[in-house]
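The values are calculated or read from the model by the stated rules, or taken from the named source; none is laboratory data. Remember, predicted model here, so these are calculated numbers, not experimental data. For neighbour counting, all protein chains shown are included, and Cβ atoms are generated from backbone atoms with ideal geometry for every residue, glycine included.
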Amino acid sequence: MIQSTNFALFPSEELYSFTKKSVILIDEKKTTVTAVEPFLSISKARLEDFKNALDREAKNPLVKIRTQKATDQIDAFMALRKQAESASTRKKAGVAEAATVIIDVIRKYGWTLQRFGQKTRLTQLDGLISELKTKHPAEVALIGATELLEELEQAQADYLEADTNVVRSENNSTEPTVTETRQPLTDSVKQLFQIISLQEVSAPSAGVTALIASLNELITTSLATVKASDTRTENAKKNAATATTTVNN
């Protein structure tokens, strides 16, 4: 059985790389999976559509602005989360308890929200910001995070504005966008994986077993690479912040 894959974890470039490698693996072994050919053809076509959309997007200067705003959005979220973590160890009366409340709310919407796909991240951040502002302003103030919450709210608004500008520019084009081509691509690859997994059940063979093993290895490696990249980015930011603090002191 091919392991479950959360495609939402892949940024666009990494999604292209992963799906391309998957399609290549399946194409090389397609004779071992009798029903895979029509699904493979669909995936190849959708992969090409996605690649063309990525190429067009890379040439759009507004996309670079949106990418920076997405980074700012994640940085603001991480700053709020770290403040809550730090406050949870404070001895001052009520601070640790308030921090626990904030941490519970963050966990509700996603502790690793920075790794979510942008659409999901937007929705979850909206919920997080709203709940903290309306239900827990006292706790936010007590842990010294009011300004951080305001910065997160502003970062969210800035991203939405940048995204709107990109969408408007794309609407002036008749070509499909990355957003429009991403879901069809992931759907087609999921169908490929499903067909191969069914083949393993209905007509098992050494060839199918080997293909599934290769795909599972690719899935594991690709997801680990994405998560490692996130970790390196976070560590680099921590080191930069520490260096800045040291210089200022």
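Do the conditions hold for residue 31, that is, is it polar (S, T, N, Q) and either outside the structural domain of residue 189 (by TED's automatic domain parsing) or in a loop (DSSP other than H, G, I, E, B) (or both)?
For residue 31, the condition - polar (S, T, N, Q) and either outside the structural domain of residue 189 (by TED's automatic domain parsing) or in a loop (DSSP other than H, G, I, E, B) (or both) - is not met.
Give me the residue from the range 162-177 that is loosely packed, with under 12 Cβ neighbours inside 10 Å and farther than 15 Å from residue 58 by Cβ and, out of that set, modelled with the highest pLDDT.
168
Return yes when residue 80 is more than 18 Å from the chain's Cα centre (by Cα), in a helix (DSSP H, G or I) and either free of Cβ contacts under 8 Å to residues at least 60 places away in the same chain or more than 20 Å from residue 182 (Cβ to Cβ) (or both) and no when it is not.
Values: more than 18 Å from the chain's Cα centre (by Cα): yes; in a helix (DSSP H, G or I): yes; either free of Cβ contacts under 8 Å to residues at least 60 places away in the same chain or more than 20 Å from residue 182 (Cβ to Cβ) (or both): yes.
Spelling it out, residue 80 is indeed more than 18 Å from the chain's Cα centre (by Cα), in a helix (DSSP H, G or I) and either free of Cβ contacts under 8 Å to residues at least 60 places away in the same chain or more than 20 Å from residue 182 (Cβ to Cβ) (or both).
Give the residue, chosen from 141, 228, that is at pLDDT 95 or above and surrounded by fewer than 17 Cβ atoms within 10 Å (Cβ to Cβ).
Numbers: 228 fails: at pLDDT 95 or above.
When all the criteria are applied, what remains is 141.
Only one of 22, 41, 4, 17 is without any contact (Cβ under 8 Å) to a residue 24 or more places away in the chain and part of a helix (DSSP H, G or I). Can you tell me which? Before you say what the answer is, go through the steps one by one.
Values: 22 fails: without any contact (Cβ under 8 Å) to a residue 24 or more places away in the chain; 4 fails: part of a helix (DSSP H, G or I); 17 fails: without any contact (Cβ under 8 Å) to a residue 24 or more places away in the chain.
Exactly one of 22, 41, 4, 17 is without any contact (Cβ under 8 Å) to a residue 24 or more places away in the chain and part of a helix (DSSP H, G or I), namely 41.
Could you figure out which of (1) out of contact with any helix residue (DSSP H, G or I) (no Cβ under 9 Å at 6 or more places or on another chain); (2) farther than 30 Å from residue 29 by Cβ; (3) of a type outside the set (Val, Ile, Thr) isn't true of residue 114?
(1)
Look at the range 163-178 and say how many of its residues are of a type in the set (Val, Ile, Thr) and not in a loop (DSSP other than H, G, I, E, B).
4
When you check residue 211 against the structure, is it aliphatic (A, V, I, L, M), within 15 Å of residue 19 (Cβ to Cβ) and assigned to a helix (DSSP H, G or I), yes or no? Before the answer, list the steps.
Values: aliphatic (A, V, I, L, M): yes; within 15 Å of residue 19 (Cβ to Cβ): no; assigned to a helix (DSSP H, G or I): yes.
When the stated conditions are applied, residue 211 does not pass them.
Checking the condition small (Gly, Ala, Ser) and closer than 16 Å to residue 146 by Cα, which residue from 93, 98 passes?
On the way: 93 fails: closer than 16 Å to residue 146 by Cα.
Going through 93, 98 in turn, just one is small (Gly, Ala, Ser) and closer than 16 Å to residue 146 by Cα: 98.
Assess whether residue 129 counts as being in a helix (DSSP H, G or I), over 23 Å from residue 164 (Cβ atoms) and either in contact (Cβ under 8 Å) with a residue 24 or more places away in the chain or outside the structural domain of residue 159 (by TED's automatic domain parsing) (or both).
no
Name the residues in the range 18-38 that are surrounded by 15 or more Cβ atoms within 10 Å (Cβ to Cβ), at pLDDT below 95 and more than 15 Å from residue 210 (Cα to Cα), would you?
Of everything in the range 18-38, just one residue is surrounded by 15 or more Cβ atoms within 10 Å (Cβ to Cβ), at pLDDT below 95 and more than 15 Å from residue 210 (Cα to Cα), namely 36.
Could you list all residues from the range 138-156 that are closer than 15 Å to residue 77 by Cβ, part of a helix (DSSP H, G or I) and among the hydrophobic types (A, V, I, L, M, F, W, C)?
Within the range 138-156, 140, 148, 149, 152, 155 qualify.
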